[in-house]
Amino acid sequence: MVSSPDTAQSVAAYAKGSHQFSGPTDPAADAHWPHLQSRKGFFTDTSICIGCKACEVACKEWNRNPRDGDLELTGWSYDNTQALGASTWRHVAFIEQDHDRIEAARESGRQLVDLGMPTVRSGEGVSRPADVTPPDTPEFRWLMASDVCKHCTHAGCLDVCPTGALIRTEFGSVVVQDDVCNGCGTCVAGCPFGVIERRSDGTAAPTTRAGERKGEQPEVPKRGVAQKCTLCYDRLVDGEEPACAKTCPTTSIKYGDHADLLVTARDRVQQLHDQGLTEARLYGANELDGVGGTGAMFLLLDEPEVYGLPPDPRVPTADLPVMFRRAGLAAAGMLAAAAVAFLGGGR
Amino acid sequence: MTVSDFDQFRPPEPERRGRRFGKLRRKKRSGRTDGSAEMLMVPDVEFSSYYGHNIVKPPPWGPEIAAYLFLGGVAGGSGLLAYGAQLTGRKLLCRNARIGAMVAIALGSGALIKDLGRPDRFLNMLRTIKVTSPMSLGSWILTLYSGGMGVAAAAEVDRLTGGRLPLGPLRRALTTVEPAGGLAGAVFGAPLAVYTAVLLSDTANPTWNAAHRDLPFVFASSASLAAGGLAMVTTPTRETGPARALAVMGVAGDLMATRYMEGRMDPVAAEPLHQGRPGSLLRWSERLAVAGGLGALLLGRNRVTAAVSGGALLTASACTRFAVLEAGINSAKDPRYTVEPQRRRLEERRAAGITNDSITTAG
């Protein structure tokens, strides 16, 4: 499926010393793609998600992903999928909240506005005349949010992959070459969002064996290798949009050029703020954050951890220079200790 | 409510839980779970996590990886001891350290390959050289180390068996490159012992990542004391002076580095190191390291006590590695270890006036 520019690509990048560990960058250009596409991504507007899970189904169908889990009911509202994983690349979260939680979410959003971040909008957005009276606070609300791989600007999984199985595509997305991956599992630990997973019997995989659990299921394909959302790379190269975005009935999942989506996302937040819904906030739309911004952005209506998202993710590779320095020092200390042991008159 | 002839076969109705529309019952959490056992029919409205489910995922690494961490350390330290012995003419120490290192690294490599999702593709590890991937660099370190140490150990085995290895004309070549092999074992020995710390820390795992500044020192010390311990077990005391010295320095380093590391970590991220099995393993590691270190220092000239002390040191190192691996895996299973340190650092940055680098923005 994928030609592999990775080896030449990464060696060239490191040789030039131009690969960035952190900070704002165009990931495809950083990976030295010769012919640049505009960066593609998702904007998932959770305020208009109706929790139909069509995205989950379309994703499974298109990517032929096997069943995940044991078909148990979790009791987590309508969520029986639980989390993203090797065979689940879209996951719809359901959260039921009462009056107090809604107020708390609105307040935390208001604080975010008061922080005045980011600086990008400070010019035009503030002066807009708007009705700032909060609407009647509902007694109850049901949050639904379709989660997906973030396709980070600085992807932890991609950085730590030892085989070059994970690559940056020309669209700026991150894709596993399943015929190269040897299932070492480092990417699973490397992802700050807990997205990528090894499809196997490892500690992180729920169901793998055919026919051993409730109900029968066909043989699991691509067993033992890391798997995650590909942003439907196979559809993108044909000029199609990803299956989940195509199927989303409310346009909660929007696909397009990253730059355009960013504008859409900011306008939508402003619109909601103008309605007094200060709980609305963007997640992943800041290129100065710990992962350099994400390819898949979200509009959330509460703190990220409520949706199972990390509040301050940081790509581990950002600290790699420090780690190498410390490891070098430790290795030197070990050498020195050995030298002292032999020279220091040990008999 | 329908009435039918089959009603008599209905199971009794479960007791209604007082839920009225618009008003959710609040339940107090009885205890923290890892999420998989969480079966609340009425969601706990006071969570700040998603039904207690983990955020980052634990890597699919079992005891094989912990065993490799230990064996790689033993091999790395033994590479240094073997080269020192080679230079200072301690023939027995040189032989035993080389063969011990080779056995350790062979077992360790086997454990690594066994833990792969696709063991048949283990050679893909050498498909590229990636500076950002500690596992890629480590695979090369491991390969170069094994190559050098393999040559040196083969020469030792050949001598040990009285030249019975079917080497033919290669025997002379082996004797020629043997010192170079020993040198390679020393050059790549320390990196072999230390890179695994970077490999663990260069992840989003809360505990391992929080230890990223000091874990290399813990691993280097642990490897030193383990290699010294192995030499004390295998080699007569007249040649193990340097090994005992290395072990004692390793124990001192291990005790200091572990405390320093835990002190510098986020207190919540450090918690898994103190709880459950990893906690007791670390406590045992400390006790055994102290005992073995004292044994090496005071009773190291007696063959029996030296061997017992060496065994204690090896066990101490193994305990450290199993504890660190398992603590990290545990820390990934509870969202608390991901959320709390991250929220804290975010708040700290905001308090310091840095408000432009949050992933959550108001627009």
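The values are calculated or read from the model by the stated rules, or taken from the named source; none is laboratory data. If you're wondering where the values come from, they're calculated on a predicted model, not measured in any experiment. Virtual Cβ from ideal backbone geometry, glycine too; neighbours counted across all protein chains shown. All accessible areas refer to the heavy atoms of the entire protein, side chains included, with ligands and DNA or RNA removed. Shrake-Rupley method; radii C 1.70, N 1.55, O 1.52, S 1.80 Å.
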Of all accessible surface on chain B at a 1.4 Å probe, what whole percent is carbon and sulfur? 63 percent
Could you give the angle, 0 to 90 degrees to the nearest 10, between helix B:134-160's Cα long axis and the longest principal axis of the Cα atoms of chain B? 30 degrees
Angle check, please: helix B:215-234 long axis (alpha carbons) against the longest principal axis of chain B (alpha carbons), in degrees 0 to 90, nearest 10. 50 degrees
Amide H of A:A296: which non-local residues (sequence gap of 5 or more, or other chain) have their own amide H closer than 5 Å, using H built in the peptide plane? A:F42, A:H151
Heavy-atom accessible area, 1.4 Å probe, ligands and nucleic acids excluded: residues of region B:116-132 down by at least 20 Å² from chain alone: B:L116, B:G117, B:R118, B:R121, B:N124, B:M125, B:R127, B:T128, B:I129, B:K130, B:V131, B:T132
Only protein chains counted, 1.4 angstrom probe. Which residues of region A:168-183 are at least 50 Å² less accessible in the assembly than when their chain is isolated? A:N182
When you look at the Cβ of every residue in B:239-249, what mean number of other chain Cβ atoms sits within 10 Å? 5
Once B and A are treated as a pair rather than alone, how much accessible area drops out, both sides summed, in Å² to 100, probe 1.4 Å? 8700 Å²
Using θ = phi - 60° and Karplus 6.51 cos²θ - 1.76 cosθ + 1.60, couplings along region A:165-177 (whole Hz; Gly, Pro as x): 5, 8, 10, 8, 8, 5, 8, x, 8, 10, 10, 8, 8
Losing no less than 50 Å² of accessible area (probe 1.4 Å) relative to the isolated chain, the residues of region B:184-220 are B:V198, B:D202, B:A204, B:H212, B:F217
With all protein chains in place and a 1.4 Å probe, A:L343 shows an accessible area in Å² (nearest 10) of 150 Å²
Which pairs, out of A:K40/B:K333; A:K150/B:K130; A:K222/B:K130; A:K150/A:K254; B:K57/B:K130, put more than 21 Å between their alpha-carbon atoms? A:K40/B:K333; A:K150/B:K130; A:K222/B:K130; B:K57/B:K130
Stretchable slack from A:L73 to A:T251, in nm (0.36 nm times residue separation minus alpha-carbon distance): 61.3 nm
Can you give the Rg and Dmax of region B:277-321 based on its C-alpha atoms, in angstrom? 10.6, 35
Report the label-to-label distance for A:A259 and A:E61 in nanometres (one decimal), using points 7 Å from each Cα along the Cα→Cβ vector. 3.5 nm
Nitroxide proxy distance, nm - points 7 Å out along Cα→Cβ at B:L170 and A:E219: 3.9 nm
Over the protein assembly as shown, with the other protein chains present, what is the accessible area per residue in square angstrom, probe 1.4 angstrom? 41 Å²
Can you pull out the GluC sites (Glu not before Pro) in region A:213-313 whose DSSP state is coil and whose Cβ has at most 15 other Cβ atoms within 10 Å? A:E216, A:E219, A:E240
Helix B:241-264: angle to the longest alpha-carbon principal axis of chain B, degrees 0 to 90, nearest 10? 20 degrees
Nearest-0.05 FRET efficiency for B:V103 and B:L298, computed from C-beta distance (R0 41 Å): 0.90
Just how much of B:R118 is accessible, in Å², when a 1.4 Å probe is used and the result is rounded to the nearest 10? 70 Å²
